[in-house]
1. Looking at the range 137-191, which of its residues are over 17 Å from residue 79 (Cα atoms), among the hydroxyl-bearing types (Ser, Thr, Tyr) and surrounded by 12 or more Cβ atoms within 10 Å (Cβ to Cβ)?
2. Tell me, please, whether a residue that is loosely packed, with under 12 Cβ neighbours inside 10 Å, in a helix (DSSP H, G or I) and either under 14 Å from the mean Cα position of the chain (by Cα) or modelled with pLDDT of 95 or more (or both) can be found in the range 77-85.
3. What number of residues within the range 86-114 satisfy the criterion of being part of a loop (DSSP other than H, G, I, E, B) and either surrounded by 20 or more Cβ atoms within 10 Å (Cβ to Cβ) or small (Gly, Ala, Ser) (or both)?
4. State all residues of the range 1-50 that are without any contact (Cβ under 8 Å) to a residue 40 or more places away in the chain and of a type in the set (Gly, Ala, Ser); if no residue qualifies, say none.
5. Can you tell me which condition residue 128 does not meet? The list is (1) within 26 Å of residue 95 (Cα to Cα); (2) exposed (fewer than 15 other Cβ atoms within 10 Å of the Cβ); (3) among the charged types (D, E, K, R); (4) in contact (Cβ under 8 Å) with a residue 12 or more places away in the chain, and all the others hold.
Amino acid sequence: MALRANTEERLLDAADELFFSHGIAATPIDAVLRRAGVSAATLYRGFTSKESLLAAALDRRHRAWLKTWDEAVATHDTAEGRLLAVFDALDAFRARPAGSRWCAFLGSAAEYADAPPELARALRTESETLRARLAEYAAEVDGARADELAEQLLLVITGDLAMRLRSPAQTTDTAREIARALIASQASATS
């Protein structure tokens, strides 16, 4: 029997808030149940495990992230602007009420060295999507070296997200400047 949409939403909201603010291992499933106002039997009607709930929360977060990124890209009319829009999206996503201390995907990957299949799928999907979209926008800037530029930017973005653990007030300003320098370096290497 499937969960009602509003019950599923409450569970995902609770999981998102607690897992991605306090940590997955540090959050017992009972805390999620209390926050959502549902019983364990209700939870397990919709999700087979804590990790299944986590994967669903990550999937929902991923869809929200892509929407935020698309909105940021739509505000730019240059190739470089569309590529750098990922930083606008990071700032906008973090400013949402359902933000987290840092990247929910990096945090989940760090807590699960050997993730169960459904969680591994959610993590892989996010990584592959991020890499592919960066390469797509990088191709508009430098088609010949798009994959290389995308990998460099992926490292900059990941570092920026990790720095949020050390400095909660961290903005994307430094990462954005590094990205601009990488783009300029690519441009000068091809000219």
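The values are calculated or read from the model by the stated rules, or taken from the named source; none is laboratory data. Since the model is a prediction, treat every value here as computed from it, not as a measurement. Note that each Cβ is placed from the backbone with ideal geometry, even for glycine, and that neighbours are counted across all protein chains shown.
1. If the condition is that a residue be over 17 Å from residue 79 (Cα atoms), among the hydroxyl-bearing types (Ser, Thr, Tyr) and surrounded by 12 or more Cβ atoms within 10 Å (Cβ to Cβ), then 158, 171, 172, 174 are the ones that fit.
2. no
3. Selection size over the range 86-114: 6.
4. Within the range 1-50, 5, 14, 26, 31, 36, 37, 39, 40, 41 qualify.
5. (4)
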